[in-house]
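Data block below; observations after.
What follows is calculated from the coordinates using simple rules that are stated; it is not laboratory data. None of these values were measured; they are calculated from a predicted model. A quick note on method: Cβ atoms are made from the backbone with ideal geometry, for glycine too, and the neighbour counts reach across all protein chains shown.
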Amino acid sequence: MKIAKPTRRQVLAGGIAFSALSVLGSNAMADDGPVRWIVGYPPGGATDTIARLLSAPVSSKIGQTIIVDNRPGAGSSIAAAALAKSRPDGLTVMAVDNGTLIINPVAYSNLQYDPDKDFRPIGLYAEVNILLAVGKDQPYKTVAEFLQQAKASPNPIAYASPGIGSPLHLAMERLARDAGVKLEHVPYKGMAPALTDVLAGVVPSIVIDYTTAKEVIRSGDLRPLAVFSESRLAALPEVPTFGEQVLPGFSAGAWQGMVVPHDTPDDVVDRLTEALAFALQDNGVKKRYDELGLGIPASSAPQAFSKRWQDDKAILQPLIRELGIKLGQ
């Protein structure tokens with residue numbers, strides 16, 4: 001059987017049709033495989049826990065399987081570098097925080113990604129509430145007493161944190177600066193060893209997230225003095241804010257959100273944003289957030305995320321430079 005050769009017009013028409021399909025394909029979220037949700041911290045931590053919690057309702061909304069891919073190391077910068085190299089097709093997303101987007105670009109001298117150029121926000125999905133607390137045998141009953149002693153004592157009061165340059169460390173540095181007191185930072189490699197030493201009386205105070213602290217607060221082994229959020233936590237209604245007690249208008253905290261590669265098309269971003277908002281309305285998610293002491297952001301829209309990102313960047317990056325914090329190459 002003789003097969004007729006296509007005419008030049010047919011070839012051109014076919015090429016145009018193929019190009020059109022290619023354009024359509026580039027603007028649509030790929031649906032031929034699972035979505036990889038990169039987490040820059042080990043399994044079992046707060047960031048991993050929240051991502052896994054949200055992955056089920058997000059998956060049900062987009063109709064695709066989500067696989068959490070833990071890539072810990074260098075304050076989430078290893079994971080962020082992997083995202084920056086990923087295809088912008090909606091099949092790779094990442095959990096990010098203040099450290100990934102704001103702290104690392106100043107604290108690391110040879111970062112393999114640029115948040116502003118490489119990433120596009122999908123939405124905020126968690127407010128990580130933090131607080132100042134002391135061991136049960138410490139004399140401080142209120143944050144006012146704590147700061148008064150810090151001002152009066154010739155030796156600064158020591159506080160533990162999960163690490164140099166962490167959002168929690170920077171919150172305490174802002175507090176010390178704004179309150180006009182000197183505090184001694186005792187950094188640890190993670191929250192668990194920091195808490196262990198505070199409970200043992202090695203360090204008198206700690207800046208800690210409520211998710212980690214809740215059990216020892218309930219047991220009475222750790223006494224919360226004040227929360228860094230703008231309003232009191234529902235889980236700790238008796239604990240005042242810094243704004244109420246000593247510094248009107250003062251607040252600080254950590255947050256988490258989702259980003260994708262920068263060139264991800266608008267309709268893919270819209271689809272993921274819608275799925276994230278859907279997940280945050282899930283009753284199971286809300287209940288678990290309450291148990292963990294997490295806050296749901298007032299808005300999970302990309303625009304709100306971008307504003308929070310840039311607002312905190314304007315506060316934190318000058319502070320990091322002022323403190324001379326360097327975390328590695």
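Taking 41 Å as R0, compute the FRET efficiency from the Cβ-Cβ separation of A158 and I78 and round it to 0.05. Mind showing how you got there, number by number?
Numbers: r = 31 Å, r/R0 = 0.76.
Plugging the Cβ-Cβ distance into 1/(1 + (r/R0)^6) gives 0.85.
Which of Q148, T264, L54 sits closest to the plus end of the dipole of the chain, meaning its Cα is farthest towards the positive end, when Lys and Arg get +1 and Asp and Glu get -1 on the C-beta? About the Cα centre, the residue reaching furthest to the positive side is T264. When the chain is treated as a GNM with alpha-carbon contacts under 10 Å, the residue of G295, G190, G135 showing the greatest mean-square fluctuation is G190.
Magnitude of the charge dipole for the stretch 157-227, about its Cα centre and with charges confined to Cβ atoms of Lys, Arg (+1) and Asp, Glu (-1), is about 80 debye. Subtracting the Cα-Cα distance of I296 and S219 from their residue separation scaled by 0.36 nm leaves 25.1 nm. In order along the stretch 68-75, the Karplus-derived 3J(HN,Hα) couplings, from 6.51 cos²θ - 1.76 cosθ + 1.60 at θ = phi - 60°, round to 7, 10, 7, 9, x, x, 6, x Hz, and Gly and Pro are given as x.
Hydropathy first: keep DSSP H helices in the chain averaging at least -1.0 on Kyte-Doolittle, then drop any whose Cα extent along the axis falls short of 15 Å, and list what survives. Display every interim value, and only then the final one.
Details: long enough: 8-26 (27 Å, 0.86); 46-62 (24 Å, 0.52); 167-179 (18 Å, -0.16); 266-280 (21 Å, 0.59); 302-323 (31 Å, -0.72).
Within the chain the helices that satisfy the rule are 8-26, 46-62, 167-179, 266-280, 302-323.
In this label model, Q281 and T196 are separated by 4.5 nm, measuring between points 7 Å along each Cα→Cβ vector.
Please find the FRET efficiency linking D69 to K326, where r is the Cβ-Cβ separation and R0 is fixed at 22 Å, and quote it to the nearest 0.05.
E between D69 and K326, to the nearest 0.05, is 0.20.
Annotation: amide H-H contacts under 5 Å for L225 (H modelled 1.01 Å from N, sequence separation of 5 or more, or interchain): L132, A133, V134.
Residues whose amide H comes within less than 5 Å of that of W255, counting only those at least five positions distant or on another chain, are N98, V128 (H built at 1.01 Å from N in the peptide plane).
Qualifying GluC sites (Glu not before Pro) in the stretch 238-329, where qualification requires a DSSP coil assignment and no more than 13 other C-beta atoms within 10 Å, comprise E238.
Arranged by the count of other C-beta atoms within 10 angstrom, fewest first, what order do I122, I102, I157, I164 take?
Numbers: I122 29, I102 23, I157 20, I164 16.
The fewest-first ordering by Cβ neighbours comes to I164, I157, I102, I122.
Could you work out how much longer the chain between R288 and K85 gets when fully extended? Use 0.36 nm per residue separation minus the Cα distance between them, nm to one decimal.
Values: separation 203, 0.36 × 203 = 73.08 nm, distance 3.31 nm.
Length gained between R288 and K85: 69.8 nm.
The trypsin sites (Lys or Arg not before Pro) of the stretch 137-232 that DSSP puts in a loop, and whose beta carbon has at most 14 other beta carbons within 10 Å, are K141, K182, K189.
At a Förster distance of 51 Å, what's the computed FRET efficiency of R52 paired with K141, Cβ-Cβ distance as r, to 0.05?
Details: r = 38 Å, r/R0 = 0.75.
FRET efficiency, R52 to K141: 0.85.
Working note: 222 nm ellipticity from helices only, DSSP H runs with n ≥ 4, each -39,500 (n - 2.57), summed and divided by the residues of the chain, gives -13500 deg cm²/dmol to the nearest 500.
Give me the Kirkwood hydrodynamic radius of the stretch 130-245 in Å, from all C-alpha pairs, to one decimal place? The partial results should precede the final answer.
Numbers: mean 1/r = 0.0720 Å⁻¹.
Result for the stretch 130-245 stands at 13.9 Å.
In terms of distances greater than 26 angstrom between alpha carbons, the cross-link table entries K141/K214; K141/K307; K214/K286; K117/K313; K151/K307 yield K141/K307; K151/K307.
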